[in-house]
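S.K.: A single structure is presented below for examination.
The values are calculated or read from the model by the stated rules, or taken from the named source; none is laboratory data. Here the structure is a predicted model, which means the values were calculated and not measured. With ideal geometry, Cβ positions are generated from the backbone for all residues, glycine too; neighbour counts draw on all protein chains shown.
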Amino acid sequence: MNHRILLVDDHQMFREGLKALLQGEAGYLVVGEAENGIRGLELSRELAPDVVIMDISMPEMNGVEATRRIHEELPDIMIIVLSMHTEKRFVLGVLKAGAAGIVVKNSASAELVSAIETVLSGKTYLSPSVSSFLVQNFLEQELEEGEKVLSPRERQILKLIAMGKGAKEIGYDLNISNKTVEAHRMQLMRKLDIHNVAELVKYAIREGIIEL
């Protein structure tokens, strides 16, 4: 049984290249072609393909909006988006719109068949460059979050500050100098992007370091 494919791209030569690629593979049949998102939506309703290969930058209705509309109306259709963009906002926007896969356009000829097989099996397909970008972005976010993790000493000093104790009292309680206390306080403010003691107190309450 052939898997039915709809191609949506405003460049005819590119569509012809994808069509030749897919029809050279056993088990695939290109049942329609559309030059913009509106026509892509119409043909999706009319032809009910198994997979839509969707360009992003098109006139009249772009690929993100067309993907969202098709996914809302025809959720059984798998949509693979073709794009040159790999930015986090774009990738997340396309996936939220309902795309089952993202293929970088300049590697479509090498990846498209694998992408179709992947989404038809119920999984999400991302081009390696997109996956690599997302992983790097995730690691950078984790690092940024990690930089806000307080050391035991910082939490101890923050708790005492939030309890209303001054540098002299804190230094006496912890057997450290006033200058060391002040250095810790400044480090806390830099790390937490907080600019005064009142905000430190609010942070301590919010994070459960002290209770009201």
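S.K.: Please give the number of the condition LEU18 fails out of (1) surrounded by fewer than 18 Cβ atoms within 10 Å (Cβ to Cβ); (2) of a type in the set (A, V, I, L, M); (3) within 23 Å of VAL64 (Cβ to Cβ); (4) in contact (Cβ under 8 Å) with a residue 60 or more places away in the chain.
M.R.: Unmet condition: (1).
S.K.: Yes or no: segment 162-177 includes at least one residue that is among the acidic types (Asp, Glu), part of a loop (DSSP other than H, G, I, E, B) and out of contact with any strand residue (DSSP E or B) (no Cβ under 6 Å at 6 or more places or on another chain).
M.R.: no
Quick grid of which residues meet (1) touching a helix residue (DSSP H, G or I) at 6+ places or on another chain (Cβ under 6 Å); (2) under 20 Å from SER109 (Cβ atoms):
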{"position": "GLN12", "(1), (2)": "no, yes"}
{"position": "GLY17", "(1), (2)": "no, yes"}
{"position": "ALA26", "(1), (2)": "no, yes"}
{"position": "GLU46", "(1), (2)": "no, no"}
{"position": "ASP55", "(1), (2)": "yes, yes"}
{"position": "MET61", "(1), (2)": "yes, no"}
{"position": "VAL64", "(1), (2)": "yes, no"}
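S.K.: I would also like to ask the following. Of these, VAL130, VAL149, which one is outside any loop (DSSP other than H, G, I, E, B) and modelled with pLDDT under 80?
M.R.: VAL130
S.K.: Return the pairs, sorted by first residue and then second, in which the second residue is outside any helix (DSSP H, G or I) and surrounded by 14 or more Cβ atoms within 10 Å (Cβ to Cβ), the first residue lies in segment 182-193 and is touching a residue at least 24 places away in the same chain (Cβ under 8 Å), the beta carbons are less than 6 Å apart, and the residues are 6+ apart or on different chains.
M.R.: Between residues of segment 182-193 that are touching a residue at least 24 places away in the same chain (Cβ under 8 Å) and residues that are outside any helix (DSSP H, G or I) and surrounded by 14 or more Cβ atoms within 10 Å (Cβ to Cβ), there is no close pair.
S.K.: Of all residues in segment 184-195, which are part of a loop (DSSP other than H, G, I, E, B) and under 11 Å from ILE161 (Cα atoms)?
M.R.: Scanning segment 184-195 gives no hits.
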